[in-house]
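Working notes for the structure below.
The values are calculated or read from the model by the stated rules, or taken from the named source; none is laboratory data. The structure displayed is predicted, hence computed values, not measured ones. For neighbour counting, all protein chains shown are included, and Cβ atoms are generated from backbone atoms with ideal geometry for every residue, glycine included. The protein model used for the area step is the full one, side chains on, heavy atoms only, and it has no ligands, DNA or RNA in it. Shrake-Rupley method; radii C 1.70, N 1.55, O 1.52, S 1.80 Å.
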Amino acid sequence: MLRRTALAGALLVGVSIWQAPSAGAGYGPPLKDITHRYVGSAVTPAHLAERDYRAVLTREFDSVTPENEMKWGTLEATRGQYDWSGADELVRYAKKTRKTIRGHTLVWHSQLPSWVNDLSADELRTVLRQHITTVVSRFRGKVRAWDVVNEAFNEDGTRRNTVFQQKLGDGYIADAFRWARQADPSAKLYINDYNIEGVNPKSTATYDLVRSLRQQGVPIDGVGIQAHLSIQYGFPAGYRDNLRRFGALRMDIAITEADVRMPLPADSAKLATQAQYFKQLWDGCHATWRCVEFTTWGFTDRHSWVPDVFPGEGDACLFDANMRPKPAYRAINS
Ligand code: 9MR
């Protein structure tokens with residue numbers, strides 16, 4: 001009896017050390033523990049070597065999205081030669097720390113290997129099917145949800161003129177979902193886009209497409225709303241109404257890439273506005289049971305795509321470059 005108690009005590013100590021490796025000033029309970037939604041972040045596996053990066057990720061989140069490592073351009077830059085190293089590293093981390101994985105992304109016009117652009121329509125169709133089948137099968141049972149089709153629309157709601165659209169026509173989206181379902185029947189399949197947070201021509205086009213795919217029996221389970229926001233442009237109008245209408249189609253909803261950038265340098269007023277936006281995103285997701293996931297596009301200002309693409313802007317994440325929680329984290333976690 002004594003031995004069992006001692007053993008249980010040792011296990012408890014072990015568990016609590018593992019769960020809260022770096023909680024310090026400003027941290028609340030881990031985000032993953034304050035909600036029934038999946039709470040995720042985009043992750044670059046190479047950064048897992050940074051102790052504090054890994055510790056905060058492990059503590060706060062229960063889902064990870066590879067930031068670039070499952071994109072076609074990374075996996076198969078040269079035709080027929082696959083490089084799974086980055087993706088596999090993330091899968092290993094996720095297994096060890098019991099995180100779920102959001103796969104990102106199968107069909108996207110960007111970060112596409114150049115050889116894909118040179119194929120005839122027939123070849124492209126064969127190669128796209130092969131690509132989806134190969135990638136989804138390899139991570140079968142390991143990826144909880146896939147962003148199957150990414151960023152297929154223009155702002156005005158017309159189809160983006162990608163190589164897939166040009167050569168395969170409107171039907172490529174339905175085909176992509178069918179092929180993905182065949183390769184892993186248990187993964188949730190999403191269409192994903194930016195600027196579809198509020199009610200606008202692009203989100204309405206996405207809504208119309210999803211409704212029609214559903215009517216045709218195409219296996220689509222969810223809509224991914226990226227939520228790359230900026231404090232300069234106001235909070236998207238009709239966010240909650242938009243979530244509600246997708247929910248009414250019996251679609252799951254995931255916030256897939258949330259961040260809120262600002263013109264640098266940051267100050268307390270900007271950080272307060274950022275906090276308000278994050279809180280509105282979070283609360284809106286929690287206002288409908290159909291919103292099953294809240295994922296941010298990175299979690300620390302140390303590593304973010306924003307300054308590369310929007311020079312002079314940044315600080316878009318929940319934690320600063322030194323892993324200190326920002327007002328936005330506290331707004332969510334209160
Ligand atoms: O964060 C990603 C960055 O490292 C890449 O260079 C970039 C390439 O286009 O893609 C970024 O992630 C994008 C995501 O895959 C899709 N939605 C927009 C994201 C930010 O650009």
Cα long-axis angle, helix 201-215 against the chain (0 to 90 degrees, to the nearest 10): 70 degrees
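Between the DSSP loop rule and a limit of at most 16 other Cβ atoms within 10 Å, which GluC sites (Glu not before Pro) in segment 249-334 are left? List each step's numbers first, then the result.
Numbers: sites: Glu257, Glu293, Glu313; in loops: none.
Answer by residue number: there is no such site.
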Computed helical MRE - 222 nm, the chain, DSSP H runs ≥ 4 contributing -39500 (n - 2.57), nearest 500: -12500 deg cm²/dmol
Positive dipole terminus of the chain, leading residue within Ile231, Trp115, Phe177 (C-beta point charges): Phe177
Tilt relative to the chain, helix 172-183 - C-alpha long axis, 0 to 90 degrees, to 10: 60 degrees
Debye, to nearest 20: dipole size of the chain, +1 on Lys, Arg Cβ, -1 on Asp, Glu Cβ: 1400 debye
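So for the chain, averaging the separation of alpha carbon pairs under 8 Å that are six or more residues apart and normalising by length, what relative contact order in percent results?
16 percent
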Degrees separating the helix 239-248 axis from the principal Cα axis of the chain, which is the longest one: 60 degrees
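For the chain, what is the accessible area per residue in Å² when the probe is 1.4 Å?
Ligands and nucleic acids excluded, the figure is 44 Å² per residue.
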Accessible surface of the chain [probe 1.4 Å, protein heavy atoms]: carbon and sulfur percent: 52 percent
Choice from His104, His36, His131 showing the highest fluctuation, given a GNM over the chain with Cα pairs closer than 10 Å: His36
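Using 29 Å as the Cα-Cα cut-off, could you pick out the over-long pairs in Lys99/Lys279; Lys167/Lys202; Lys142/Lys270; Lys188/Lys270?
Lys142/Lys270; Lys188/Lys270, as the Cα separations exceed 29 Å there.
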Percent of beta bridges antiparallel (DSSP, the chain, rounded to nearest 5): 10 percent
Segment 37-125 - charge dipole about Cα centre, Lys and Arg +1 at Cβ, Asp and Glu -1, debye rounded to 20: 560 debye
Charge dipole magnitude, Cβ of K and R +1, D and E -1 - segment 238-288, Cα centre, debye nearest 20: 180 debye
Furthest towards positive pole of dipole, Leu264, Gly141, His131, structure part the chain, Cβ charges: Gly141
